[in-house]
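Accompanying notes for the structure given below.
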Amino acid sequence: MPLYEHVFISRQDLSNTQAEGLIEHFGAILADNGGKLVEHEYWGIKTMAYKINKNRKGHYAFLKTDAPAAAIQEMERLMRLHEDVMRVLTIKVDEHAEGPSVQMQKRDERGERRERRP
């Protein structure tokens with residue numbers, strides 16, 4: 001089955017447990033449609049570059065999935081209809097990266113930054 005990565009932003013006035021509950025909810029939708037949630041990360045509340053639906057901040061979540069296209073379409077459809085979800089980004093990938101995402105790594109563990117050219 002194809003591999004996908006998703007990032008979604010939910011409203012800032014949700015509690016942490018409600019935001020993490022959304023991850024479980026959408027994972028259950030995938031499971032009902034023949035897919036599976038491989039891994040998920042809750043990134044916490046982050047400030048956005050611009051307001052979305054009058055919100056300056058949002059709960060960010062990252063999902064790694066292994067599911068058929070029909071299951072992904074159904075999950076995205078339900079995400080768009082859900083009143084707590086503000087934005088969704090889905091990307092099809094060839095393989096999932098091992099370990100935590102860059103957002104979850106400490107600054108010390110990240111690779112060195114390149115120097116800027118003059």
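A few comments on the model shown:
- Filter result for Leu78 (under 23 Å from Thr47 (Cα atoms), modelled with pLDDT of 75 or more and within 15 Å of the chain's Cα centre (by Cα)): no
Condition check ((1) at pLDDT below 90; (2) closer than 21 Å to Met1 by Cα; (3) not in a strand (DSSP E or B)) across all residues:
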{"site": "Ala49", "(1), (2), (3)": "no, no, no"}
{"site": "Gly58", "(1), (2), (3)": "no, no, no"}
{"site": "Glu74", "(1), (2), (3)": "no, yes, yes"}
{"site": "Glu83", "(1), (2), (3)": "no, no, yes"}
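- Among the residues making up the range 60-72, those that are in a helix (DSSP H, G or I) and surrounded by fewer than 19 Cβ atoms within 10 Å (Cβ to Cβ) are Ala69, Ala70.
- Gly35 vs. criteria buried (at least 19 other Cβ atoms within 10 Å of the Cβ) and closer than 14 Å to Val88 by Cα: no
- Residue identified as free of Cβ contacts under 8 Å to residues at least 40 places away in the same chain, of a type in the set (Gly, Ala, Ser) and in a loop (DSSP other than H, G, I, E, B) among Gly44, Gly99: Gly99
- Scanning the range 100-114 finds no residues that are modelled with pLDDT of 75 or more, loosely packed, with under 10 Cβ neighbours inside 10 Å and either over 11 Å from His6 (Cβ atoms) or β-branched (Val, Ile, Thr) (or both).
The values are calculated or read from the model by the stated rules, or taken from the named source; none is laboratory data. Computed from a predicted model, the values in this text were never measured in an experiment. Quick reminder, even Gly has a Cβ in these numbers, built from the backbone with ideal geometry, and neighbours come from all protein chains shown.
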